[in-house]
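First up is the structure itself, then whatever we jot down about it.
The values are calculated or read from the model by the stated rules, or taken from the named source; none is laboratory data. What you see is a predicted model, and the numbers here were worked out from it, not measured in a lab. With ideal geometry, Cβ positions are generated from the backbone for all residues, glycine too; neighbour counts draw on all protein chains shown.
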Amino acid sequence: MVAGLINANPIVYEKKERRPRTGSVVLEDEYAVESIDHMVVFSLTFLHHIRDIKDPEHPYSLEDLKVITEDAIEVDDKRSYVRVTFTPTVEHCSMATVIGLCLRVKLMRSLPSRYKVDIRVAPGTHATEAAVNKQLNDKERVAAALENPNLVDMVDDCLAPSFE
Amino acid sequence: MADSTHCVKLIESFVDSSSTPAQQAASIDAIAALVKNDMLTLESLVREMAMYLTTTDSFLRARGTLLLGELLACLASKPLESETVLSLIGFFTERLADWKALHGALIGCLALLRRKGNVGVVSSSKALAVAQSYLQNVQVQSLRQSDRKLCFELLGCLLERYPDDIVHLDDVLIPGICESIDGEKDPECLMLAFHIVEVLVHLYPDPTGPLASFATDLFENLSCYFPIHFTHPKGEDIDVKKEELSRTLMVAFASTPLFEPFAIPLLLEKLSSSLPLAKVESLKYLSYCSDKYGAARMAKHVKVIWSALKDIIYTSPESVLLLESEIVDGMSFQESHTVTEALILLQKVFCQNSDLLIDLIVIDEDIKKTVDSIYQFKEYTGIPLADKQRLHAVGSILYFSAKSSIGSCNRVFEAFFPCLINALGISAENSVALLSSPCNFGATYLCVELLAGCRALVVRTKGNATSNVIVQEAWCDILCTYSTSLTKLFSFTLITGVDGSTQNACLHSGVKGLQILATFPGDFSPISKSVYESILLKLISVVTGNCKDAFLWKLALKALVEVGSFVDKSEDTEKAQSFNAIVVDKIASFMLCDDLSMPLPLKLEIISSIGTTGLSYMQKFLQGLECSLLASLSGVYVRGDPENLEIATSLLECYSCDVLPWFDSIGGQEEVQFHFALTIWGQIGNILSFCASSQEQKLLSAAMTAMQYAVGRCLAENQTVIIDRAFGILLSTTSLPINDLMDEITSVKVEGYKSNDDLGCMSCREKWIISLFASVVAALRPQAHIANVKVILRLFLTTQLSGHVPSAQALGSIINKLPVKVENMDASNVFSLEDAIDLIFSSRVWSLCNEGPTNCSVARNNNETSIRNNLLIQSHAIEGLAWIGKGLLMRGHEKVKDLIVTLLSCLLSNHSEGSLPCTEQEFLCVMRSAADAFHILVSDSEACLNKRLHATIRPLYKQRLFSIVLPIILSLISKADSSIQRAMLYRAFANVVSGTPLSAVLSEAKKLIPILVDSLFVLSEDILNKDIVYCILLVLSGIMTDKKRSEVVEENAHIIVRRLIALMSYPHMMVIRETAIQCLTAMSELPHARIYPMRTQVLLSLLKTLDDPKRAVRLEAVKCRQACVSYMEFIYPQLPRVHIAIQSRHI
């Protein structure tokens, strides 16, 4: 596909410590809803879904490279809406669409179907920002992309560690 | 003799390059078997093989040689003629020059050289020839790994088995070995190579001998491996661990003092490396090598080692990171690995060259600077981090200096102690002026470390009868002079703690100092008796008076425990007396008085921690404990006092959790348990009327636990005494119908009447007596004699009908332990198991269970309440029967079958006919208790019938029950006609299955799976059954994860999946949903043809589960979905489109 690496020397950041789940299972009320409207907790849950996705080029997770951070995720449970804003490592990164696709597939597989997922490149971090955003949120184009076996392989490869 | 064609065929099959390794191994084994059984001689075999051994075709030659070599390895214990061995070793020696056939030759040589004893061994001249040929012909480093390994094995074998012959080869041997090791990189080979060096060095013990000239070369070969560093990726499996290799290299390093001029500089150089690994390794090697090289050789390195060590201890970067976590425990740093190793090395150097090292320490500028600037370190919080670390380093150096020898202790005292004393403000004996200002933390800390070192020195030299010498030493004089003021100073640090001005670190040092002063061993003690007593007084006053400062309280208690266990071990009677008088008596009296200034839990903690340091202390405390227990109990009995209730409960818990188990652990103290049980009974016997209290149930159960524990630990004869005593009290209780039960005729009547009353009618005292009596009975050993078994049985049969569970458990326990009838026994006074069973099966409990609710005699002509009452009694009877059944089952008695049949008939009792005025719920209650009886039968109980309480337990009794019950229940289920009956049968089935070990269940998996799935369906309808549903689900998942049963799961895949999908939305219990999804994930691994039809259904229901209220369930759902999707995509590449289509509808 690509001859050289797009970003040969990415900066690897220190991970944020993962917060353990609070409260033991026994003590919890059986019928209490672990509320989806509880923003912090639930966005963390989401993070557990996407933070482990691998970068297409490097053996690091998106979190290591600060492509995704905790603050870049907005959740509104009542309106069933999620918006993820990610930051490509370099401006002309051609992997941006692949990363976005990974995010979308991961969220599609992990969220209840009532959710509307919106995936965007952080403003000003990519050369063809508008094009990428459009491509990522066009459901026909996403569906078409997922019929391409090469792309699906690549996406699955990136998603593999996040299911462990 | 085997015919030669067969033999030739075997040889050919081995030599043939087209045969598989398995065939080759088989032919070797076949030939070896022929030779072993003398069907074939080696000579004739060699003759047959002649062509293969000498041909010019190098492949065939190599195979032939290998065949002969491997054959000899198989024949290690077969006796061979010496000529045979001679000619074979000659052949192989020659073959060592043939590099194409080298592999076989090495194996052959090794096999022959390893032969032992009288089976024909290689002579020493031939071994020498092997060595010569080897050294001349084999280029080890040009061979592949397996051959190199063989080469090293051969060398090792020669060196170990023929050292006296090999030794003469010195001028070729040592260079040869150097050459073969040079450049080796494989860990396994290196292990052997290092070992060879070690053995080689031992061959030449003479320091001026041939080794001396080669030592440089040899060490050069070794030195390049230090420190051992593996470059292999972690995943690769290497048999040799890094630690083992490093250890072997270390032994090789230390093998001869001749290495010292090279090794020590190398290690010191690596010590200054920035790699932590290299540092730790160098320190380890230095410690080990300095032991082996000896003090004289090491003396010249002491100075360099000291400066390196000081650097490490002073500025270890790792310990800085861990520094801030230390506040909890005073000034103790969590030491890094490097520092620990450095301190070990410091000790080693002290052992060897104590005088040299102490010279260096005394004049060391850095230490001197720290000690001189000690005035600055007044308060702990004010000290900068780096200084704290330095203080800590100096502390440990002082500790080890004082500890290592008397001489160094003197020196270090003379050098530093005066300065510390000045900083502390103590100038002479009994100086009191210091009490005006807060003490200097730094000086206190160093002082305490120094004292700790002195104490360790005294402890170490105690056995050497030098204690008299110690007393005359200089440091001892100094210490004695200042000991009183020091004690005062340390005590003073504790006083200032009250107003909160001192930090924890200061308190820690102060308490530690007091503890050290009080525990100087033997005849030697720097402090007088009065000072010792004042220390104890100080500590005890903190413990008994100051419970506000929890940290100080804990420290003081810990110190007292240390002092106590020290005094208990030493033979010093004077100190023991003081400790007894000051600490033990004080605490004992403290327990006696009703002092409410200290909370009871703290008091009990004091008792259980100090009491456990010595038997005599605990015995003393026991009186106090007993008094307050009796007082509080009588308070509860007589006045129903809620305060006393709480006190008594925690006292009883202290007995059953701390005190009694401790007496049990030291052994030989059964009297204590016996006495405790009798005391409690005595008190109950004396108090005739009880005041009922609302929350006494908790107290009663605490009393029962303690009683059960105490009685269970008693000897059988003591148990007999207790049970007699208890029975006497039972008899004297007029409100109980004991006297009637004595009589055969009236007893039936009593049973009938009494059982109509429920538990509420029993007076408080009756309830206590019956409950405690039941717990005594449950704890008896089988050997204990019970005098009135018949009456006791009748009594329990009566009381358990009113719903008293301990009575039912006691019944089960009696049945479990009664002796079986023996023919020639005097039948009149021995009540056997058979008699007991007869009694039970003729009792009302039995008849109640057998008569079913509809046709009970009362039903026809009595009103609604009495029927309801009757149903209640019936369910109590069923529970009692279950405990009796458990007793029978555990001892493996046949009658348990009758009992199970009865329980099942209760379970099926048909209530639909007849128009009784009771609701269905009440009938259900009876049926449910029958179903739950199986839970009692199969589960383990804490309260009775377990190993601790001496139950008779036949192995595999649960499996036995399973095999009895399973066929009956299965046939009943297929016959059952009402849904309620089915539900109850499934409930009973679930109880049995979930209690049986999984291995037994697995063997019946084929039959069970449909029933398990059905029971999941039936039971999940009632919310009350959720725990049982979970248990069944666990059994099911156990079956599913067992690889051997996968075909059973496969056959039933569709029903299992359908049930699991339904359970995925089970609203009442999160773990059920979670487990169901996990099971589905496991199912996705089944063959595709089975799973494929269910796919859409699973995926769709997973979509719903992704919105589950619980996080854990959602996560499992995502995992399961991924498992399903990825598997199906793998098989059917077009599937993603379908799958995406399902999803994109919702986007």
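Overview of results
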quantity: Among the candidates B:K586, B:K554, residue that is out of contact with any strand residue (DSSP E or B) (no Cβ under 6 Å at 6 or more places or on another chain) and within 17 Å of B:Q515 (Cβ to Cβ); calculated: B:K554
quantity: Members of segment B:712-729 that are crowded, with 16+ Cβ neighbours inside 10 Å and in a loop (DSSP other than H, G, I, E, B); calculated: B:C714
quantity: Listing of helices (runs of 4 or more DSSP H) fully contained in segment A:59-164 that carry 1 or more residues being under 21 Å from B:E1116 (Cα atoms) and in contact (Cβ under 8 Å) with a residue 40 or more places away in the chain; calculated: A:96-110, A:149-159
quantity: Residues of segment B:995-1031 satisfying the condition of being touching a Ser or Thr at 6+ places or on another chain (Cβ under 9 Å), without any contact (Cβ under 8 Å) to a residue 60 or more places away in the chain and either surrounded by fewer than 22 Cβ atoms within 10 Å (Cβ to Cβ) or outside any helix (DSSP H, G or I) (or both); calculated: B:A1000, B:E1004, B:V1018, B:K1026, B:Y1030, B:C1031
quantity: Hits in segment B:1121-1147 - residues which are within 10 Å of another protein chain (Cβ to nearest Cβ), crowded, with 19+ Cβ neighbours inside 10 Å and at pLDDT 55 or above; calculated: B:R1121, B:Q1122, B:V1125
quantity: Where B:L34 falls short, out of the listed (1) more than 28 Å from B:A131 (Cβ to Cβ); (2) touching a residue at least 12 places away in the same chain (Cβ under 8 Å); (3) surrounded by fewer than 17 Cβ atoms within 10 Å (Cβ to Cβ); calculated: (3)
quantity: Filtered residues of segment A:114-136 (kept if within 14 Å of chain B (Cβ to nearest Cβ) and surrounded by 17 or more Cβ atoms within 10 Å (Cβ to Cβ)); calculated: A:Y115, A:V117, A:I119, A:L136
quantity: Residues within segment B:20-30 that are surrounded by 15 or more Cβ atoms within 10 Å (Cβ to Cβ) and closer than 18 Å to B:A62 by Cα, tallied; calculated: 3
quantity: Entirely in segment B:509-623, the helices (runs of 4 or more DSSP H) that have 3 or more residues that are over 30 Å from B:Q673 (Cβ atoms) and over 32 Å from the mean Cα position of the chain (by Cα); calculated: B:529-545, B:573-579
quantity: Set B:L1115, B:L1102: member being within 21 Å of A:D77 (Cβ to Cβ), out of contact with any Asp or Glu (no Cβ under 6 Å at 6 or more places or on another chain), facing chain A (nearest Cβ under 9 Å) and modelled with pLDDT of 80 or more; calculated: B:L1115
quantity: B:A97 modelled with pLDDT of 85 or more, assigned to a helix (DSSP H, G or I) and among the small types (G, A, S); calculated: no
quantity: Leading residue by the ranking (farthest from B:S87 (Cα to Cα)) among those in segment B:37-59 that are acidic (D, E) and in a loop (DSSP other than H, G, I, E, B); calculated: B:D57
quantity: Of the criteria (1) surrounded by 20 or more Cβ atoms within 10 Å (Cβ to Cβ); (2) within 11 Å of chain B (Cβ to nearest Cβ), which one A:P149 fails; calculated: (1)
quantity: Odd one out for A:A160 among (1) in contact with a His (Cβ under 7 Å, 6 or more places away or on another chain); (2) modelled with pLDDT under 80; (3) of a type outside the set (D, E, K, R); calculated: (1)
quantity: Filtered residues of segment B:65-109 (kept if of a type in the set (K, R) and either over 22 Å from B:L10 (Cα atoms) or over 49 Å from the mean Cα position of the chain (by Cα) (or both)); calculated: B:R95, B:K100
quantity: Residues located in segment B:165-181, provided they are modelled with pLDDT of 85 or more and surrounded by fewer than 20 Cβ atoms within 10 Å (Cβ to Cβ); calculated: B:P175, B:G176, B:C178, B:E179
quantity: Odd one out for B:Q673, checked against (1) crowded, with 17+ Cβ neighbours inside 10 Å; (2) touching a Ser or Thr at 6+ places or on another chain (Cβ under 7 Å); (3) in contact (Cβ under 8 Å) with a residue 40 or more places away in the chain; calculated: (2)
quantity: Wholly within segment B:193-295, helices (runs of 4 or more DSSP H) carrying at least 2 residues that are of a type in the set (S, T, N, Q) and in contact (Cβ under 8 Å) with a residue 60 or more places away in the chain; calculated: B:276-293
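A quick yes/no check of all residues on (1) hydroxyl-bearing (S, T, Y); (2) modelled with pLDDT under 75; (3) surrounded by 21 or more Cβ atoms within 10 Å (Cβ to Cβ); (4) not in a helix (DSSP H, G or I):
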residue: B:A415; (1), (2), (3), (4): no, no, no, no
residue: B:N422; (1), (2), (3), (4): no, no, no, no
residue: B:T444; (1), (2), (3), (4): yes, no, yes, no
residue: B:C447; (1), (2), (3), (4): no, no, yes, no
residue: B:G463; (1), (2), (3), (4): no, yes, no, no
residue: B:I470; (1), (2), (3), (4): no, yes, no, no
residue: B:W475; (1), (2), (3), (4): no, no, yes, no
residue: B:L489; (1), (2), (3), (4): no, no, yes, no
residue: B:I495; (1), (2), (3), (4): no, yes, no, no
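A quick yes/no check of all residues on (1) within 11 Å of the chain's Cα centre (by Cα); (2) modelled with pLDDT of 70 or more; (3) surrounded by fewer than 20 Cβ atoms within 10 Å (Cβ to Cβ):
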| site | (1), (2), (3) |
| --- | --- |
| A:V41 | no, no, yes |
| A:T45 | no, no, yes |
| A:I50 | yes, no, no |
| A:I53 | yes, no, no |
| A:Y60 | no, yes, yes |
| A:I68 | yes, yes, no |
| A:D76 | no, yes, yes |
| A:R79 | no, yes, yes |
| A:R83 | yes, yes, yes |
